[in-house]
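Single-structure report; data block below.
Since every read-out is calculated from the coordinates, none of them should be taken as a lab result. These numbers come from a predicted model, not from an experiment. All Cβ positions, glycine included, derive from the backbone under ideal geometry; neighbour counts span all protein chains shown.
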């Protein structure tokens, strides 16, 4: 089984469209979606329909901009109305993704994350895997997303797509099922070394331990968000690799690069599993 994550910055114009000014009421504003890139991903997945795939997508403009408007008080109202607007926007993004996939003959079925997940301050407290498995068994591709979900402490909290990847991978392993590969698609070619400006082709355990403080420091000092963004993805990829799952960060010519990785080749930044490193 393969998990493919479509980053929010990959499928929307998050970098530009999340910038201020924010308006209190943006109900009639349409946030842009990169249908062309979603279509390229769909065309590659169609050629690999012999593989079992789970798709997860990020929120991009639809999630980030909406949450920021509410949290900064630009949009005013009750918590239930905040939850409605965030989920309404995310539904728009998911619906477009599912439509484009269907047009390319990839039978995706959307699973609202809040239907199967309960959170605990952004961490997954409980997840039901049964619906995901039922969809896979019927030769369809389940689609999940980072989303607002009910929180055990009351109200709602954000569970990211990266958090979903961690949890689903863990649940599959506990059930004796193999996740062969995780592919995280973003708007960059891979992890770019902040000192050289070049894509790092492979990050194994030894390299990560040797370079992590340098990388972390540079990213924190120059890009601000050490807990998320690209550094957060590197941490997730290393965690998955340590747990036995070969993981990739890819972007660029996505049709060619995704095809390469699904065919067993290398593109972007590869994080070899611990077993793969030990076999060298």
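Worth pointing out:
- Radius ratio Rg over Rh of segment 18-170, counting only Cα atoms, Kirkwood formula for Rh: 0.98
- Overall form of segment 187-280 per C-alpha gyration tensor (a/c, 1.5; a/b vs b/c): oblate
- Two-decimal Rg to Rh for the chain - Kirkwood Rh, Cα set: 0.95
- D_trans [Stokes-Einstein, Kirkwood Rh over alpha-carbon pairs] for segment 1-60, 20 °C, 1.002 mPa s, µm² s⁻¹: 161
- Averaging the sequence gap over all C-alpha pairs within less than 8 Å and six or more residues apart, then dividing by the number of residues, gives segment 111-259 a relative contact order of 21 percent.
- Highest-first packing order for the peptide set 191-204, 62-75 is 62-75, 191-204, based on the mean count of other beta carbon atoms within 10 Å.
- Beta bridges per DSSP with both ends in the chain, % antiparallel, nearest 5: 35
- Only Cα pairs under 8 Å and 6+ residues apart enter the sum, and on that basis the relative contact order of the chain stands at 20 percent.
- Highest mobility in the GNM of the chain, judged by mean-square fluctuation with C-alpha springs under 10 Å and restricted to 209, 171, 126, is found for 209.
- For segment 187-280, the relative contact order is 37 percent, taking Cα pairs closer than 8 Å that sit 6 or more residues apart in sequence and dividing their mean separation by the residue count.
- Fluctuation leader among 170, 160, 78 - the chain, Gaussian network, Cα springs under 10 angstrom: 78
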